[in-house]
Ligand SMILES: C[S@@+](CC[C@H](N)C(=O)[O-])C[C@H]1O[C@@H](n2cnc3c(N)ncnc32)[C@H](O)[C@@H]1O
């Protein structure tokens, strides 16, 4: 299994990095829930003073590829698990959740997960549907597999983030339109902090 051949992947990584990096000042412990191949964490391990990375994903295969890419001195831990069902997360300064909420279609389950993240700051990136939420559950020729995901509208996603007790301190579109999805969605970044 290889990481899906999403269009414009390298350019998107570049924008991911420049969107996330400014929000990591003073971050010593970082979690990435649904990290995939941990491409962002690999870049961060080489360019920041983050002391500890906690990396979680459902895919053993993706996690297996992490060790030879992380910066040689990076202190990191990988764990294969279903993030929606992990009860206790270690404390972190920042948690990344990038392109993952769409795979947790149940709003209450997503809200519960956000509540349990045990983080000061949450950086969430998700593709949002334009007008109405879209549920997709069908065979994808591009992936050569069944694809199931729930694309919320930005309003619906923001409602869940707030219900989970976060304040959205920054919202931005992630990518220039030329490298956006050809489907009816737009990716947003949310930087959120726990409401005091
Ligand atoms: C679109 S990829 C994003 C990967 C990475 N965050 C990035 O931005 O490059 C979505 C990832 O979420 C993982 N994932 C989806 N549902 C999950 C779940 N319930 N628990 C853990 N990982 C999950 C998938 O295995 C996949 O690696």
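Residue 90 meets all of the listed conditions (1) closer than 24 Å to residue 111 by Cα; (2) buried (at least 21 other Cβ atoms within 10 Å of the Cβ) but one, namely (2).
Here's the yes/no breakdown for (1) closer than 19 Å to residue 103 by Cβ; (2) out of contact with any helix residue (DSSP H, G or I) (no Cβ under 8 Å at 6 or more places or on another chain):
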position: 144; (1), (2): yes, yes
position: 148; (1), (2): yes, no
position: 155; (1), (2): no, yes
position: 158; (1), (2): yes, yes
position: 162; (1), (2): no, yes
position: 167; (1), (2): no, yes
position: 174; (1), (2): yes, no
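Considering only region 94-110, I want to know if a residue exists there that is within 16 Å of the chain's Cα centre (by Cα), surrounded by 17 or more Cβ atoms within 10 Å (Cβ to Cβ), within 16 Å of the ligand (Cβ to nearest atom) and more than 19 Å from residue 189 (Cα to Cα). Checked region 94-110: no residue is within 16 Å of the chain's Cα centre (by Cα), surrounded by 17 or more Cβ atoms within 10 Å (Cβ to Cβ), within 16 Å of the ligand (Cβ to nearest atom) and more than 19 Å from residue 189 (Cα to Cα). When residue 44 is tested against the conditions (1) buried (at least 18 other Cβ atoms within 10 Å of the Cβ); (2) under 28 Å from residue 135 (Cα atoms), the lone failure is (2).
When region 151-184 is filtered for residues that are out of contact with any strand residue (DSSP E or B) (no Cβ under 9 Å at 6 or more places or on another chain) and part of a loop (DSSP other than H, G, I, E, B), the ones remaining, listed by number, are 176, 182.
Does residue 148 fit the bill of being within 16 Å of the ligand (Cβ to nearest atom) and over 20 Å from residue 107 (Cβ atoms)? In short, no. Tell me yes or no: at least one residue of region 123-134 is within 14 Å of the ligand (Cβ to nearest atom), at pLDDT below 95, more than 22 Å from residue 60 (Cα to Cα) and surrounded by fewer than 18 Cβ atoms within 10 Å (Cβ to Cβ). No, every residue in region 123-134 fails to be within 14 Å of the ligand (Cβ to nearest atom), at pLDDT below 95, more than 22 Å from residue 60 (Cα to Cα) and surrounded by fewer than 18 Cβ atoms within 10 Å (Cβ to Cβ).
The values are calculated or read from the model by the stated rules, or taken from the named source; none is laboratory data. On a predicted model such as this, the values are computed, not experimentally measured, just so you know. Every residue, glycine among them, receives a Cβ derived from its backbone with ideal geometry; neighbour counts consider all protein chains shown.
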